[in-house]
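Working notes, structure below.
What follows draws every value from the coordinates through simple rules; no lab data is involved. Please read these numbers as outputs of a predicted model, since none were measured by experiment. Quick reminder, even Gly has a Cβ in these numbers, built from the backbone with ideal geometry, and neighbours come from all protein chains shown.
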Amino acid sequence: MDRKEFIKTTCMACVSVTALATILQSCAHANYFAQASIANNRIIIRKTEFVKIGKEKTVQRKYVLVKTDKFNYPICVYKLGQEEYSALLLRCTHKGCELNPNARFLSCPCHGSEFTNTGEVQNPPAEIKLKTFKTRTDDENIYVQL
């Protein structure tokens, strides 16, 4: 293969990889921001926010996100069990980057720290657990104390 053909092939490969990456990113899971209300310094989330009703099946969400005016970062509320929830501020304790929630853990896109869905440090460089909020429930709602 001559130089001109090599450069042409390499450029086409780069363009193809970029296009494929863009397509795959558009298929990525989008985070769900729950409808919530705030009263008496607590967030109120309906338990039905953890249920996603699709065309063919109903899926239980592992977590939902909530935005408040009190914090510059969202709060992630994980469903840990039937009536057990954890609420975590999505701010990395290492350098303050916004965390990316996953089904069972949170990851920092800046330096790679990982946290459990209860806020404990799983992988450094972070050394301090996440800010957590007390939760309680009743038959219909989850209450996150701010």
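Pull out the extension gain between residue 72 and residue 44, defined as 0.36 nm times the separation in residues minus the alpha carbon to alpha carbon distance; nm, one decimal.
This chain segment gains 8.2 nm when fully extended.
How many nm separate the modelled label positions at residue 134 and residue 82, each set 7 Å beyond the Cα in the direction of the Cβ?
Roughly 2.4 nm, to one decimal.
With the crude spin-label approximation of a point 7 Å out along Cα→Cβ, what separation in nm comes out for residue 95 versus residue 35?
3.9 nm
Would you mind checking which residues have amide H under 5 Å from residue 80's amide H? H placed 1.01 Å from N; only 5 or more apart, or other chain.
Sorted by chain and number, the residues that satisfy this are 85, 86.
Just add up the charged neighbours of residue 118: K/R +1, D/E -1, any other residue whose Cβ is under 15 Å from the Cβ of residue 118.
Cβ neighbours under 15 Å give a net charge of +3.
How many angstrom lie between the C-alpha centres of segment 28-65 and segment 110-129?
Going from one Cα centre to the other spans 24 Å.
Could you tell me whether segment 22-111 comes out rounded, prolate or oblate from its Cα gyration tensor? Rule is a ≥ b ≥ c as square roots of the eigenvalues, rounded for a/c under 1.5, then prolate if a/b exceeds b/c, otherwise oblate.
Oblate, since a/c reaches 1.5 and b/c is not below a/b.
Report the net charge of residues surrounding residue 39, where surrounding means a beta-carbon distance below 15 angstrom and charges are Lys +1, Arg +1, Asp -1, Glu -1.
+1
Skipping prolines and chain starts, which residues have an amide H placed within reach, meaning under 5 Å, of the one on residue 42, given they are 5 or more residues away or on another chain?
It is 146, by chain and number.
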